[in-house]
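The values are calculated or read from the model by the stated rules, or taken from the named source; none is laboratory data. All figures in this text were calculated on a predicted structure; none of them were measured in a lab. So basically every Cβ, Gly included, is an ideal-geometry build from the backbone, and we count neighbours across all protein chains shown. Heavy atoms of the whole protein, side chains included, go into the accessibility calculation; ligands, DNA and RNA do not. Shrake-Rupley method; radii C 1.70, N 1.55, O 1.52, S 1.80 Å.
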Amino acid sequence: MIPLVRRVTTVCALGAAVLTSCGTATAPEAPRAPRPAPTATVTRPPTLAPGPAGLIPVFSNGPRTQDKVVALTFDADMTAGQGPRAAAGEHFDNPELIVALRELRVPSTVFMTGRWAEQYPVQARSIGRDPLFEVANHSYSHYAFTGDCYGLPTVPEDRMRTDVERAYTAFRKAGVPHAMPYFRFPGGCYDVRALRALTGTGVTAVQWDVVGGDAFATDADAVARQVLDGVRPGSVVVLHCTRSAAPTTERAVRAVVPELRARGFRFVKVSELIGATYGRR
């Protein structure tokens, strides 16, 4: 099951006081019945309705309206077999990027692999508990859900659903309280077979309409230009949260954010973009 977002409203009450008059204590009030415990309000994140034959839906961008909103998304990639490389000192995280997003106050969606959360549980927990961010699912293994996907190993069809569920388990173990019911296919590669394999999980697949081009890039200005040239109202931008594979992302973001704000854009999370566009389901 995909975890729900729970918001609990607490109630504070003053205790009853014993009244006195002319120096003589009156009888104390009769004990009051205890107040019922506050009721938890459960809010499910917005998702799209299933597609034909119940296939999981796919979201790429919001409407092209006068409401100039844009969602920056960051893939925290790490495959199931890259543990030895991390142990040898390769950095699959990018804490400087997260610092920049916090300094710039940019709401963002981080599509995290379960393996990344296991490698960096403190960072995963910090991101997952910061209201500026939301954590979504990028699979456990970062293996492809189709063949011929950028050279990635392939998840067998009968293990695709398990791979997604295993990522949510890794998030919970790392201390991420409310991972979102959004899934990004590794490499963005999917077909009808993959959509069918995830039927019933309750997730919405989230793609993008703007490729940031930061993967393996060495020129931050070129990445920034590519994002700025591609963004339109309702856009979803895909970038990365991995120092070893995307070393220029932080610098690019520091250039992109003020420029888009100067153009009148407002940054939102994927959940807000889906919710505002299609309503809640």
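What accessible area per residue, rounded to a whole number of Å², is obtained for the range 93-205 using a probe radius of 1.4 Å?
Numbers: 4350 Å² over 113 residues.
Solvent-accessible surface per residue comes out at 38 Å².
Count neighbours as other Cβ atoms within 10 Å of each site's Cβ, and list the trypsin sites (Lys or Arg not before Pro) in the range 75-158 that are DSSP loop with at most 13 such neighbours. Present the calculation step by step, with values, prior to reporting the outcome.
Details: sites: Arg85, Arg102, Arg105, Arg115, Arg125, Arg129; in loops: Arg105, Arg129.
Sites meeting the loop and neighbour criteria: Arg105, Arg129.
Please go through the range 205-281 and write out the chymotrypsin sites (Phe, Trp or Tyr not before Pro) that DSSP classes as loop and that have at most 11 other C-beta atoms within 10 Å. Intermediate values should be presented prior to the final figure.
Working: sites: Trp208, Phe216, Phe265, Phe267, Tyr278; in loops: Trp208, Phe216, Phe265.
The qualifying sites are Phe216.
When only Cα pairs under 8 Å and 6 or more residues apart are kept, what is the percent relative contact order across the range 143-196? If you can, show how the numbers build up before the last one.
Details: 39 pairs, mean separation 26.2, N = 54.
Over the range 143-196, the number comes to 48 percent.
What do you get for GluC sites (Glu not before Pro) in the range 202-281 restricted to DSSP loop and a cutoff of at most 14 other Cβ within 10 Å of the site's Cβ? Spell out each step's value before the answer.
Details: sites: Glu250, Glu259, Glu272; in loops: none.
Hits after loop and neighbour filter: nothing returned.
Could you go through the range 109-117 in sequence order and give the Karplus-derived ³J(HN,Hα) for each residue, using 6.51 cos²θ - 1.76 cosθ + 1.60 with θ = phi - 60°, rounded to whole Hz, and x for Gly and Pro?
So the J values, rounded to whole Hz, are 10, 9, 8, 10, 7, x, 5, 5, 5.
Provide the packing ranking of 178-187, 91-100, 59-68, i.e. peptides ordered by the mean count of other C-beta atoms within 10 Å per residue, highest first. Each step should come with its number before you reach the end.
On the way: 178-187: 23.5, 91-100: 18.4, 59-68: 15.0.
Ranking, from highest mean packing down: 178-187, 91-100, 59-68.
How large is the accessible surface per residue of the range 228-280, computed with a 1.4 Å probe and reported in Å² as a whole number? Walk me through the numbers on the way to the answer.
Numbers: 2230 Å² over 53 residues.
Heavy-atom accessible area per residue stands at 42 Å².
Suppose R0 equals 41 Å. What FRET efficiency, 1/(1 + (r/R0)^6) with r the Cβ-Cβ distance, do Asp229 and Arg172 give to the nearest 0.05? Walk me through the intermediate numbers first.
On the way: r = 39 Å, r/R0 = 0.95.
The computed FRET efficiency comes out at 0.55.
Before anything else, pin down the relative contact order of the range 58-215: Cα pairs under 8 Å, at least 6 apart, normalised by residue count, whole percent.
Values: 263 pairs, mean separation 41.3, N = 158.
About 26 percent, as a whole number.
Considering only protein heavy atoms and a 1.4 Å probe, what is the carbon-and-sulfur percentage of the accessible area of the range 236-281?
Details: 970 of 1990 Å².
Here it works out to 49 percent.
If you average the sequence gap of Cα pairs under 8 Å that are 6 or more apart and divide by the length of the range 152-254, what percent do you get for the contact order? Numbers along the way, then the final one.
Working: 100 pairs, mean separation 24.1, N = 103.
The value is 23 percent.
Along Cα→Cβ, 7 Å out, is where each label goes; now give me the distance between the ones at Asp158 and Ala49 in nm to one decimal.
So the label points at Asp158 and Ala49 sit 3.5 nm apart.
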